[in-house]
Every structure is written in structure tokens, then in C-alpha cells.
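The values are calculated or read from the model by the stated rules, or taken from the named source; none is laboratory data. What you are looking at is a predicted structure, and each value in this text was computed from that prediction instead of being measured. Cβ: placed from backbone, ideal geometry, glycine included. Neighbour counts: every protein chain shown.
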Amino acid sequence: MTRTIDQKIADRISAHQNILIVSHVRPDADAVGSLLGVGLALKDAGKNVQMVLEDGADKYRYLPGSENITLAPYEPVDMIIIVDCSDPDRVGGVLSGHGKPDLVVDHHKTNLNFGEINVVEPDEAATAAILFDHLPEWGLKITPEVATCLLSGIVGDTIGFRTSNVTSSLMRKTSELMDMGADLSSVYREELIAKSFKAVRYWGAGLSRLEKDDGLVWTSLKLSDRQEVGYPTNDDADLVNVLSSIREAEIALIFVEQLENKVKISWRARPKFDVSQIAFQFGGGGHAAAAGADVEGALEDVKKQIITETKKLLINQRTNKG
């Protein structure tokens, strides 16, 4: 990315007062941390900021500024920023009637470059890491609160620095964020260790259906599972990361039944495999090691189709990479 583009973004931020920031549905730590990181930095610069997530961010109440997140825009805006989102459909319906976003900041290799200005850096481990580099170039400060939010995004998307895209550069950024006031131990515990009683009970339903076949491990979560334990959101409570820790799993995936005859699928892969291509094939996106998609259809039908195609991908990539 050039200084010219950084300056263009800085000028656009300077010229606008009412700014809307959004990210994807079923937000993860990088989505929420990036949204809050930008939002708090803009508020500190005197901007009127709306931070919107269609599915809310109840899990991330530990992050500073999370109380400002709303489910929909509530005032007119003159600038739109989308973070950690590879295509416009992934934000849900919150941007209906708002037009093309001014700025998209993302690290997904499947990003469609759908903004007026696109800062897409697929080699970065998290969108929050991109923002760490560029916020100062855009005339925005990284306060202790902003640093905490950005660190949460990095910790979440690397599963606690366990992914293959963790570099010495990323660790230096983490160190600097700590120097700026972020508490790594607190962020790590909240993001990766602490789980609600309901979430762990929800895991139980998925673990009881766990299956394995030649390097592929998978399970599913039904709407009735969520209702039975009272789990409040429509995600997998990070169970997919547990599946990815199974020694025999070259690729792990989880199917989460949604309302309106849809299924959310998440893939996780070991370093030599790339699951972003299969996610893109089914209308989703992501990274080589972690990707997702929402597929229309009944749970069992979708499972059958996705497992068949994922097995093909596993065999093909295993053969090609010998």
C-alpha cells in the first residue's frame, strides 16, 4: 500500500464527520476488535461514529466501547467503513440503501474489492494488524482502549498465535500494542479460555456427533441444540477450533443449522491445505487455513454435499503437495 492511498484515506476521514463502521454477520474477535479499534480512534478524533453489527457482539462485552455497538444505523452518515469483510453480502442487511462503502479494510484473500478504496492485505494474520499499521497514517491515535481492541482481533484470528501465518513482525506488533496499554493476559483469557456454561453444554451436543474419515473430521449443531441449552447466538461457540486441535484432522469442519433453511459451515485446515477455495465455491470466503460459507438447504443435505466436496479437495491437495 502506498503513501498516496494512505493520504487519500486520511483526507477522506478529515472531510467527513458522520461515519458508519460495520463488519460481518456472526462477528468474531477480529471483526469486533477491528470495528471498535477504528470506531474508538475516530471518536477520539471528534467524529460522530456509529458502530453497527447486525448480530450484535454480546460475547465481546469485555472490550472497551462495546456498549456503543448497535444492531442497525440510527442516523444519516456521510462515510462508510467496512472492516474484516470479504464481500458486501456478509454484512447482512445493515447497509441497505447506503450505497458503496468509502473504505474496505480486510485481510481475506477472497475479498472482492467492493469499496471506493480497498486496503486488502491477505498476508496479514488479522485485519486488526492492518489497522495497527495504518491508523496513525490516517491521522488517528492508538490509545490504550484502541490497542486492547486491536490485540483482541490478532489473538482471536491467530487462535492465540497458533496459526501458520504468525510472523515475527506480528509478534512485534503485539509487543507494541502491549506497550500502548493492551493487557495480553486479560485479552487471551477472555477470547480463548473463558467460556459460558451454556456454550460448553452446546459443545456437548456437537461433540456427541463427531465423525472422522481419512483426515477429515466434522460435526454439526442443530437449532434444537441451541434452544435446549439456551445458547444465545447462532454461531458454533468456537467449537470448530476444538475440532481443529484433533491430531488426526487435516481438515476440520462444522455445520451449524440456521433459520430459514440455511446452514453455516466453517472449515479449518492444517498448513499444507487451502480451504478458501471450497468456501468461495459455495459463496463464502476466508483464508487458506480458515474459511466459511452460508449454504441454503436442509442440514443433512448440505452436510452430504459439503463433505463429498471437501473429501475431493483433501485428496486432490494431498496428492498435489505430495
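If the condition is being within 15 Å of Ala126 (Cβ to Cβ) and either part of a loop (DSSP other than H, G, I, E, B) or without any contact (Cβ under 8 Å) to a residue 12 or more places away in the chain (or both), then the stretch 289-303 contributes only Ala289. So, in the stretch 78-94, how many residues would count as being more than 18 Å from Gly156 (Cβ to Cβ) and either of a type in the set (Gly, Ala, Ser) or not in a strand (DSSP E or B) (or both)? The total comes to 8. Only one of the listed residues (Asp106, Asp87) is within 20 Å of Thr127 (Cα to Cα), among the acidic types (Asp, Glu) and crowded, with 22+ Cβ neighbours inside 10 Å. That residue is Asp106.
Residues that are part of a loop (DSSP other than H, G, I, E, B) and surrounded by fewer than 24 Cβ atoms within 10 Å (Cβ to Cβ) within the stretch 1-27 comprise Met1, Thr2, His16, Gln17, Val25, Arg26, listed in sequence order.
Residues checked against (1) of a type in the set (Ser, Thr, Tyr); (2) loosely packed, with under 13 Cβ neighbours inside 10 Å; (3) outside the structural domain of Glu300 (by TED's automatic domain parsing):
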| residue | (1), (2), (3) |
| --- | --- |
| Phe161 | no, no, yes |
| Thr174 | yes, no, yes |
| Gly181 | no, no, yes |
| Tyr188 | yes, no, yes |
| Trp203 | no, no, no |
| Arg209 | no, no, no |
| Leu216 | no, no, no |
| Thr219 | yes, no, no |
| Leu223 | no, no, no |
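Going by what's in this entry, would Val275 be described as surrounded by 19 or more Cβ atoms within 10 Å (Cβ to Cβ), without any contact (Cβ under 8 Å) to a residue 40 or more places away in the chain and either over 19 Å from His108 (Cα atoms) or in the same structural domain as Lys222 (by TED's automatic domain parsing) (or both)? In short, yes. Being under 15 Å from the mean Cα position of the chain (by Cα) and of a type in the set (S, T, N, Q), is that true of even one residue in the stretch 74-91? For the stretch 74-91, residues under 15 Å from the mean Cα position of the chain (by Cα) and of a type in the set (S, T, N, Q): present. Among the residues of the stretch 278-288, is any in contact (Cβ under 8 Å) with a residue 24 or more places away in the chain, assigned to a loop (DSSP other than H, G, I, E, B), closer than 26 Å to Val120 by Cβ and touching a His at 6+ places or on another chain (Cβ under 9 Å)? Checked the stretch 278-288: at least one residue is in contact (Cβ under 8 Å) with a residue 24 or more places away in the chain, assigned to a loop (DSSP other than H, G, I, E, B), closer than 26 Å to Val120 by Cβ and touching a His at 6+ places or on another chain (Cβ under 9 Å).
Here is a yes/no grid of residues against (1) under 16 Å from His134 (Cβ atoms); (2) surrounded by fewer than 17 Cβ atoms within 10 Å (Cβ to Cβ); (3) polar (S, T, N, Q); (4) not assigned by TED's automatic domain parsing to the domain that holds Gly153:
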site	(1), (2), (3), (4)
Ala45	yes, yes, no, no
Asn48	no, yes, yes, no
Ala72	no, yes, no, no
Ile82	yes, no, no, no
Leu95	no, no, no, no
Asp102	yes, no, no, no
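Name the single residue that is surrounded by the fewest Cβ atoms within 10 Å (Cβ to Cβ) among those in the stretch 57-70 being in contact with a helix residue (DSSP H, G or I) (Cβ under 6 Å, 6 or more places away or on another chain), assigned to a loop (DSSP other than H, G, I, E, B) and not aliphatic (A, V, I, L, M). Among those that are in contact with a helix residue (DSSP H, G or I) (Cβ under 6 Å, 6 or more places away or on another chain), assigned to a loop (DSSP other than H, G, I, E, B) and not aliphatic (A, V, I, L, M), it is Tyr62. For the stretch 11-70, filtering for residues that are without any contact (Cβ under 8 Å) to a residue 40 or more places away in the chain and acidic (Asp, Glu) leaves 2.
When you scan the stretch 95-111, do you find a residue that is modelled with pLDDT of 95 or more, closer than 30 Å to Ala199 by Cβ and in a loop (DSSP other than H, G, I, E, B), even just one? Yes, the stretch 95-111 contains at least one residue that is modelled with pLDDT of 95 or more, closer than 30 Å to Ala199 by Cβ and in a loop (DSSP other than H, G, I, E, B). The set of residues in the stretch 1-46 being hydrophobic (A, V, I, L, M, F, W, C) and in contact with a Lys or Arg (Cβ under 7 Å, 6 or more places away or on another chain) consists of Ile19, Val25, Ala41.
Of the helices (runs of 4 or more DSSP H) lying entirely inside the stretch 133-238, the ones with 1 or more residues being more than 30 Å from Leu299 (Cα to Cα) are found at 144-157, 168-179, 184-188. Considering (1) part of a loop (DSSP other than H, G, I, E, B); (2) on the phi < 0 side of the Ramachandran plot, the lone condition that Glu260 does not fulfil carries the number (2).
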